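Okay, structure first, notes after.
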(Lines give C-alpha, C1' and ligand atoms only; values in the text may rest on other atoms or scores of the structure.)
Protein backbone atom coordinates (compact mmCIF):
# COMPACT_ATOMS: atom_id res chain seq x y z
CA UNK A 1 0.00 0.00 0.00
CA UNK A 2 1.87 3.05 -1.30
CA UNK A 3 -0.92 5.56 -0.71
CA UNK A 4 -3.85 5.76 1.70
CA UNK A 5 -7.04 6.27 -0.29
CA UNK A 6 -9.63 8.52 1.30
CA UNK A 7 -13.39 8.06 0.95
CA UNK A 8 -15.88 10.90 1.16
CA UNK A 9 -17.33 9.44 4.36
CA UNK A 10 -13.91 9.79 6.04
CA UNK A 11 -14.30 13.58 6.16
CA UNK A 12 -15.55 15.02 9.44
CA UNK A 13 -14.86 18.58 8.27
CA UNK A 14 -13.49 20.26 5.15
CA UNK A 15 -9.84 19.47 5.94
CA UNK A 16 -10.09 16.76 8.61
CA UNK A 17 -10.54 13.03 8.17
CA UNK A 18 -11.11 10.15 10.57
CA UNK A 19 -9.81 6.68 9.67
CA UNK A 20 -10.99 3.66 11.64
CA UNK A 21 -11.06 0.61 9.33
CA UNK A 22 -8.40 -1.74 7.89
CA UNK A 23 -6.39 1.26 6.71
CA UNK A 24 -5.84 2.11 10.37
CA UNK A 25 -4.05 -1.21 10.89
CA UNK A 26 -1.69 -0.38 8.03
CA UNK A 27 -1.07 3.12 9.38
CA UNK A 28 -0.29 1.87 12.89
CA UNK A 29 1.38 -1.48 12.24
CA UNK A 30 3.24 -0.86 8.97
CA UNK A 31 3.78 2.89 8.65
CA UNK A 32 4.04 3.28 12.45
CA UNK A 33 3.61 7.04 12.32
CA UNK A 34 3.32 9.26 15.37
CA UNK A 35 1.46 12.49 16.07
CA UNK A 36 2.68 15.19 13.69
CA UNK A 37 3.93 12.71 11.07
CA UNK A 38 2.53 12.76 7.54
CA UNK A 39 1.40 10.06 5.14
CA UNK A 40 0.69 10.13 1.42
CA UNK A 41 -3.02 10.21 0.69
CA UNK A 42 -5.34 10.49 -2.26
CA UNK A 43 -9.06 11.16 -2.47
CA UNK A 44 -10.81 8.44 -4.46
CA UNK A 45 -11.44 9.81 -7.98
CA UNK A 46 -9.73 13.02 -6.90
CA UNK A 47 -6.39 14.62 -6.11
CA UNK A 48 -3.27 13.45 -4.27
CA UNK A 49 -1.47 15.00 -1.32
CA UNK A 50 -0.67 14.28 2.30
CA UNK A 51 -2.34 13.96 5.68
CA UNK A 52 -0.81 14.86 9.05
CA UNK A 53 -1.74 12.89 12.15
CA UNK A 54 -3.52 15.20 14.59
CA UNK A 55 -4.93 12.89 17.21
CA UNK A 56 -4.92 9.20 18.05
CA UNK A 57 -8.04 7.67 19.54
CA UNK A 58 -8.39 4.09 20.72
CA UNK A 59 -9.99 2.88 17.49
CA UNK A 60 -9.37 5.74 15.05
CA UNK A 61 -6.81 8.31 13.88
CA UNK A 62 -7.64 11.92 12.99
CA UNK A 63 -5.70 13.70 10.25
CA UNK A 64 -5.58 17.10 8.63
CA UNK A 65 -5.52 16.58 4.89
CA UNK A 66 -4.29 18.62 1.94
CA UNK A 67 -4.68 17.08 -1.52
CA UNK A 68 -4.10 19.26 -4.58
CA UNK A 69 -1.83 17.30 -6.96
CA UNK A 70 -3.36 15.46 -9.92
CA UNK A 71 -3.24 11.65 -10.11
CA UNK A 72 -0.93 10.03 -12.67
CA UNK A 73 -2.17 10.14 -16.28
CA UNK A 74 -4.20 7.14 -17.46
CA UNK A 75 -3.26 4.77 -20.25
CA UNK A 76 -5.56 5.61 -23.19
CA UNK A 77 -6.60 2.00 -23.75
CA UNK A 78 -9.97 0.33 -23.46
CA UNK A 79 -9.33 -3.31 -22.56
CA UNK A 80 -11.80 -5.86 -23.91
CA UNK A 81 -11.10 -9.01 -21.91
CA UNK A 82 -12.70 -12.44 -22.23
CA UNK A 83 -13.70 -13.49 -18.73
CA UNK A 84 -10.83 -15.59 -17.31
CA UNK A 85 -10.88 -18.00 -14.38
CA UNK A 86 -12.13 -16.13 -11.29
CA UNK A 87 -8.85 -16.25 -9.35
CA UNK A 88 -6.97 -15.09 -12.44
CA UNK A 89 -9.47 -12.26 -12.90
CA UNK A 90 -8.59 -10.90 -9.46
CA UNK A 91 -4.88 -10.77 -10.27
CA UNK A 92 -5.46 -9.25 -13.71
CA UNK A 93 -7.71 -6.50 -12.36
CA UNK A 94 -5.12 -5.50 -9.81
CA UNK A 95 -2.27 -5.45 -12.33
CA UNK A 96 -4.07 -3.50 -15.07
CA UNK A 97 -5.38 -0.99 -12.53
CA UNK A 98 -1.81 -0.51 -11.35
CA UNK A 99 -0.73 0.02 -14.96
CA UNK A 100 -3.31 2.77 -15.52
CA UNK A 101 -6.12 1.17 -17.53
CA UNK A 102 -9.38 3.05 -16.85
CA UNK A 103 -11.91 1.24 -19.04
CA UNK A 104 -12.38 -2.54 -18.84
CA UNK A 105 -15.02 -4.50 -20.73
CA UNK A 106 -15.35 -8.13 -19.64
CA UNK A 107 -16.95 -10.24 -22.35
CA UNK A 108 -18.24 -13.73 -22.94
CA UNK A 109 -16.76 -15.87 -25.71
CA UNK A 110 -17.16 -19.45 -26.93
CA UNK A 111 -14.27 -20.73 -24.80
CA UNK A 112 -15.32 -18.96 -21.58
CA UNK A 113 -16.73 -21.45 -19.08
CA UNK A 114 -20.35 -20.58 -18.27
CA UNK A 115 -19.71 -21.20 -14.57
CA UNK A 116 -17.24 -18.28 -14.48
CA UNK A 117 -20.15 -15.84 -14.70
CA UNK A 118 -21.52 -17.15 -11.39
CA UNK A 119 -18.40 -16.30 -9.40
CA UNK A 120 -18.77 -13.97 -6.41
CA UNK A 121 -15.58 -12.27 -7.65
CA UNK A 122 -17.78 -10.44 -10.18
CA UNK A 123 -19.84 -8.77 -7.46
CA UNK A 124 -19.52 -5.01 -7.21
CA UNK A 125 -17.87 -5.28 -3.80
CA UNK A 126 -15.30 -7.85 -4.93
CA UNK A 127 -14.41 -5.91 -8.08
CA UNK A 128 -14.06 -2.69 -6.08
CA UNK A 129 -11.67 -4.39 -3.67
CA UNK A 130 -9.31 -5.45 -6.47
CA UNK A 131 -9.39 -2.02 -8.10
CA UNK A 132 -8.59 -0.30 -4.81
CA UNK A 133 -5.63 -2.65 -4.30
CA UNK A 134 -4.32 -1.72 -7.74
CA UNK A 135 -4.71 2.01 -7.11
CA UNK A 136 -2.95 1.78 -3.75
CA UNK A 137 0.00 0.05 -5.39
CA UNK A 138 0.28 2.63 -8.18
CA UNK A 139 -0.33 5.75 -6.04
CA UNK A 140 -3.35 6.50 -8.19
CA UNK A 141 -6.86 7.59 -7.20
CA UNK A 142 -9.10 7.19 -10.26
CA UNK A 143 -11.16 4.00 -10.27
CA UNK A 144 -11.44 2.18 -13.59
CA UNK A 145 -14.87 1.65 -15.09
CA UNK A 146 -15.84 -2.01 -15.52
CA UNK A 147 -18.53 -3.14 -17.96
CA UNK A 148 -19.70 -6.74 -18.51
CA UNK A 149 -21.05 -8.09 -21.78
CA UNK A 150 -22.47 -11.63 -21.66
CA UNK A 151 -23.58 -11.70 -25.32
CA UNK A 152 -20.62 -11.59 -27.67
CA UNK A 153 -22.24 -10.93 -31.03
CA UNK A 154 -24.57 -8.05 -30.01
CA UNK A 155 -21.67 -6.39 -28.22
CA UNK A 156 -19.30 -6.66 -31.19
CA UNK A 157 -21.83 -5.72 -33.86
CA UNK A 158 -23.80 -3.02 -32.04
CA UNK A 159 -21.61 -1.43 -29.37
CA UNK A 160 -17.98 -2.07 -30.28
CA UNK A 161 -18.03 0.14 -33.43
CA UNK A 162 -19.08 3.10 -31.27
CA UNK A 163 -16.28 2.38 -28.79
CA UNK A 164 -13.80 2.24 -31.69
CA UNK A 165 -14.63 5.72 -32.94
CA UNK A 166 -11.37 7.73 -33.12
CA UNK A 167 -9.43 4.72 -31.80
CA UNK A 168 -7.32 1.93 -33.22
CA UNK A 169 -8.50 -1.58 -32.43
CA UNK A 170 -6.17 -4.53 -31.84
CA UNK A 171 -6.93 -8.23 -31.33
CA UNK A 172 -4.33 -10.42 -29.62
CA UNK A 173 -4.34 -13.54 -31.80
CA UNK A 174 -1.47 -16.05 -31.88
CA UNK A 175 -2.32 -17.40 -35.34
CA UNK A 176 -1.58 -14.41 -37.55
CA UNK A 177 1.60 -13.04 -39.11
CA UNK A 178 1.03 -9.38 -38.19
CA UNK A 179 2.87 -7.85 -35.23
CA UNK A 180 1.98 -4.99 -32.89
CA UNK A 181 3.99 -1.79 -33.24
CA UNK A 182 4.70 0.53 -30.32
CA UNK A 183 1.49 2.40 -29.45
CA UNK A 184 2.55 4.90 -26.77
CA UNK A 185 -0.22 7.34 -25.81
CA UNK A 186 -2.47 6.36 -28.73
CA UNK A 187 -6.17 5.94 -27.99
CA UNK A 188 -6.77 2.24 -28.60
CA UNK A 189 -9.01 -0.73 -27.94
CA UNK A 190 -7.19 -3.95 -27.06
CA UNK A 191 -9.06 -7.28 -27.17
CA UNK A 192 -7.61 -10.30 -25.38
CA UNK A 193 -9.34 -13.66 -25.58
CA UNK A 194 -9.62 -16.57 -23.14
CA UNK A 195 -7.19 -19.44 -22.69
CA UNK A 196 -7.11 -21.00 -26.17
CA UNK A 197 -7.88 -17.66 -27.81
CA UNK A 198 -10.81 -16.40 -29.84
CA UNK A 199 -12.36 -18.87 -32.28
CA UNK A 200 -12.27 -17.95 -36.03
CA UNK A 201 -15.91 -16.79 -36.01
CA UNK A 202 -15.14 -14.34 -33.20
CA UNK A 203 -12.00 -13.06 -34.92
CA UNK A 204 -14.02 -12.47 -38.08
CA UNK A 205 -16.68 -10.45 -36.23
CA UNK A 206 -14.07 -8.37 -34.39
CA UNK A 207 -12.28 -7.59 -37.64
CA UNK A 208 -15.55 -6.64 -39.34
CA UNK A 209 -16.15 -4.20 -36.48
CA UNK A 210 -12.88 -2.47 -37.38
CA UNK A 211 -10.19 -4.22 -35.35
CA UNK A 212 -6.91 -5.73 -36.58
CA UNK A 213 -5.32 -8.99 -35.44
CA UNK A 214 -1.70 -9.24 -34.33
CA UNK A 215 0.57 -11.91 -32.93
CA UNK A 216 3.12 -11.74 -30.12
CA UNK A 217 5.31 -14.33 -31.81
CA UNK A 218 5.71 -18.08 -31.50
CA UNK A 219 5.22 -18.32 -27.74
CA UNK A 220 1.68 -18.85 -26.44
CA UNK A 221 1.25 -16.99 -23.15
CA UNK A 222 -1.29 -17.52 -20.41
CA UNK A 223 -3.87 -14.75 -20.19
CA UNK A 224 -2.54 -13.44 -16.87
CA UNK A 225 0.91 -13.09 -18.49
CA UNK A 226 -0.29 -11.76 -21.84
CA UNK A 227 -2.40 -8.95 -20.37
CA UNK A 228 0.38 -6.96 -18.62
CA UNK A 229 2.83 -7.70 -21.44
CA UNK A 230 0.45 -6.28 -24.03
CA UNK A 231 -0.71 -3.33 -21.94
CA UNK A 232 2.93 -2.36 -21.42
CA UNK A 233 3.18 -1.67 -25.16
CA UNK A 234 0.90 1.32 -24.59
CA UNK A 235 2.83 2.78 -21.66
CA UNK A 236 5.16 5.74 -22.00
CA UNK A 237 8.03 5.79 -19.53
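The values are calculated or read from the model by the stated rules, or taken from the named source; none is laboratory data. Predicted, not measured: the structure shown is a model, and the values here were computed from it. With ideal geometry, Cβ positions are generated from the backbone for all residues, glycine too; neighbour counts draw on all protein chains shown.
If you check 47, 38 for being surrounded by fewer than 19 Cβ atoms within 10 Å (Cβ to Cβ) and free of Cβ contacts under 8 Å to residues at least 60 places away in the same chain, only one passes: 38. Is at least one residue of segment 3-17 without any contact (Cβ under 8 Å) to a residue 60 or more places away in the chain, in a loop (DSSP other than H, G, I, E, B) and within 26 Å of residue 159 (Cβ to Cβ)? Scanning segment 3-17 turns up no residue that is without any contact (Cβ under 8 Å) to a residue 60 or more places away in the chain, in a loop (DSSP other than H, G, I, E, B) and within 26 Å of residue 159 (Cβ to Cβ). Selection of segment 31-62 for residues being assigned to a strand (DSSP E or B) and touching a helix residue (DSSP H, G or I) at 6+ places or on another chain (Cβ under 9 Å) yields 39, 42, 43, 53, 56, 61. One residue alone among 211, 216 is in the same structural domain as residue 89 (by TED's automatic domain parsing), at pLDDT below 85, surrounded by 15 or more Cβ atoms within 10 Å (Cβ to Cβ) and more than 24 Å from residue 116 (Cα to Cα), and that residue is 216. Note on segment 63-94: among residues that are assigned to a helix (DSSP H, G or I) and touching a strand residue (DSSP E or B) at 6+ places or on another chain (Cβ under 9 Å), the one that is farthest from residue 141 (Cα to Cα) is 89.
Residue by residue, here is whether (1) surrounded by 19 or more Cβ atoms within 10 Å (Cβ to Cβ); (2) modelled with pLDDT of 95 or more; (3) within 17 Å of residue 197 (Cα to Cα) holds:
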{"residue": "84", "(1), (2), (3)": "yes, yes, yes"}
{"residue": "89", "(1), (2), (3)": "yes, yes, yes"}
{"residue": "96", "(1), (2), (3)": "yes, yes, no"}
{"residue": "103", "(1), (2), (3)": "no, yes, no"}
{"residue": "106", "(1), (2), (3)": "yes, yes, yes"}
{"residue": "112", "(1), (2), (3)": "yes, yes, yes"}
{"residue": "117", "(1), (2), (3)": "no, yes, no"}
{"residue": "128", "(1), (2), (3)": "no, yes, no"}
